[in-house]
1. Fully extended, how many nm does the chain gain between residue 85 and residue 24 (0.36 nm per residue separation, minus their Cα-Cα distance)?
2. Quote the charge dipole size of the chain about the Cα centre in Debye, to the nearest 20; the model charges only the Cβ of Lys and Arg (+1) and of Asp and Glu (-1).
3. Can you compute the helix-only [θ] at 222 nm over the chain? Use -39500 (n - 2.57) per DSSP H run of at least 4 residues, normalise by all residues, nearest 500 deg cm²/dmol.
4. Within the stretch 1-41, what residues put their amide N at less than 20 Å from the label point 7 Å along the Cα-to-Cβ vector of residue 95?
5. Which entry in (i) 10, 44, 38, 8, 0; (ii) 10, 38, 35, 16, 2; (iii) 11, 38, 31, 15, 6, 1 matches P(r) over Cα pairs in 10 Å bins from 0, in percent derived from the coordinates of this structure?
6. Check residue 106: other-chain or 5+ apart residues with amide H under 5 Å from its amide H, H built from backbone geometry?
7. From the backbone phi of the stretch 104-117, what are the Karplus-calculated ³J(HN,Hα) couplings (6.51 cos²θ - 1.76 cosθ + 1.60, θ = phi - 60°) in whole Hz, Gly and Pro given as x?
8. Given Cα pairs under 8 Å that are at least 6 residues apart, what percent is the relative contact order of the chain?
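Nothing in this text is a laboratory measurement; each read-out follows from the coordinates by a stated rule. All of these numbers come straight from a predicted model, not from anything done at the bench. With ideal geometry, Cβ positions are generated from the backbone for all residues, glycine too; neighbour counts draw on all protein chains shown.
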Amino acid sequence: MDELRRLFDYNRWATLRLLDALEELTAEELTRDSRSSFPSALATLVHALGAEWVWLERWKGTSPTALPDASALGSVTAVRARWQELWEDQQAFLVALDDDDATRPVSYRLFNGDSDARPLGELMRHVVNHATYHRGQLVTMLRQLGRTPPSTDYIRWLREVG
């Protein structure tokens, strides 16, 4: 379980670095159509936040039927505040786990109503991988806007945290 907790520490660090960079964008840049998986940097951020929330809820035994309402998330500051709340809940969940929980099956429902079950550890790895994918998209969006994105590489995190 220690490895999984470390991955979530990395995930938070990398997301915070990207949030810092995205806060420098204008409102127009943040919502500009990027022709990516989601229409803009803000929409990509909101999706990544929502996905982490959905998975945490599933791990806790609830299967949301949709992503959370994002109407109040019109800025990086608002997304950061919501993410901070999520990270506090996520951390409380992670701290309570023991090594056996990594292989414990978690049953949940997909948005379309289908059921699935996977070991918690695999689902946790999925969440970190999913976040990395979307951070990569956000890095590309920053470059397309002429900005210099931060490095969010795992090895950079290891060098910084020791």
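1. Values: separation 61, 0.36 × 61 = 21.96 nm, distance 2.21 nm.
Stretched fully, the residue 85-residue 24 segment lengthens by 19.7 nm.
2. Its charge dipole is roughly 440 debye.
3. On the way: 6 runs with 98 residues, N = 162.
The helix-only estimate for the chain comes to -20000 deg cm²/dmol at 222 nm.
4. Residues 1-13 fall inside that zone.
5. (ii)
6. 118, 120
7. Running phi through 6.51 cos²θ - 1.76 cosθ + 1.60 with θ = phi - 60° gives 5, x, 10, 9, 7, 10, 6, 4, 7, x, 5, 9, 8, 8 Hz.
8. On the way: 152 pairs, mean separation 51.9, N = 162.
With pairs under 8 Å counted, the relative contact order is 32 percent.
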